[in-house]
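Here is the structure we will look at, set down as structure tokens.
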Amino acid sequence: MSRETAIESFKKFQHTWVEQLQHHLNHLRSVQNHHRNSATGDEERLREAVERVMELCREYHRAKLATTEKDVVGLMAAPWSSALERSLHWVGDWRPTTLFHLVYTESSILFESRIVDILRGFRTGDLSDLSPSQFRTVSELQCETVKEENAITEDLSEWQDDASELVMGTVSNLDQRIRRLAEIVHRADDLRLRTITGVVELLSPLQQAEFLIAAAELRRGVSGWGSSHDRRRSANV
């Protein structure tokens with residue numbers, strides 16, 4: 001398989017993957033609403049819906065891993081993304097610590113909207129109702145993630161500092177340098193998957209659903225803004 005074919009194949013996979021993600025998120029919203037409005041709730045259905053979304057995340061990770069092995073440079077260029085999305089990328093994709101900011105933001109927004117019930121002692125069970133233990137675990141996971149992010153960023157910076165070797169070196173050296181870049185991207189993608197998995201695992205089923213829906217809406221929002229911006233740029237050329 002040629003390098004161009006590997007990238008085109010991943011581009012097609014991603015298009016299908018986004019459609020599948022939207023389908024599972026719609027189902028997750030439906031189950032979430034039923035859980036909220038039902039007298040007894042249905043945590044088992046909620047867990048199953050969450051797991052479907054998480055399996056899609058793992059599927060994406062596997063597909064990207066395979067593509068990285070074939071053409072890591074093409075993957076880093078991310079031709080399927082808008083200019084805005086690429087400007088926000090960290091090592092070829094989203095920054096793991098973004099998830100922690102999302103948790104804190106969603107928790108704060110929901111807390112403010114439901115503060116009357118909370119002050120009355122009613123437990124909402126959603127992201128506005130994170131326990132002290134959960135906040136502590138989120139903070140610990142965030143610290144660990146920041147350390148790993150920084151280490152990967154330093155490795156990528158070293159790789160970029162030696163860019164002259166890509167031009168002046170031998171073919172064997174070039175292949176070795178590209179393999180090194182692939183290793184860095186692998187570590188970044190592993191961290192992305194471990195981070196979203198770690199955050200989901202410390203939440204309750206309802207909180208998991210809210211978190212995954214919020215993360216998907218953030219992704220879709222950035223993608224939509226980026227695509228709109230690219231169309232305006234093209235129209236003005």
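The values are calculated or read from the model by the stated rules, or taken from the named source; none is laboratory data. All values reported here derive from a predicted model rather than from experimental measurement. Positions of Cβ are backbone-derived with ideal geometry, glycine not excepted, and every protein chain shown enters the neighbour counts. When the accessible area is computed, the model is the full protein with side chains, heavy atoms only, and any ligands, DNA or RNA have been set aside. Shrake-Rupley method; radii C 1.70, N 1.55, O 1.52, S 1.80 Å.
Over all directions, the projected convex hull of the C-alpha atoms in the chain averages 15.8 nm² in area. Normalised per residue, the accessible area of the stretch 3-235 is 55 Å², obtained with a 1.4 Å probe and no contribution from ligands, DNA or RNA. Extension gain, residue 151 to residue 232: 0.36 nm times the residue separation minus the Cα-Cα distance gives 25.4 nm. Of the listed residues 57, 143, the order by accessible area with a 1.4 Å probe, largest first, is 143, 57. Modelled spin labels at residue 105 and residue 34, positioned 7 Å past Cα toward Cβ, are 3.0 nm from each other.
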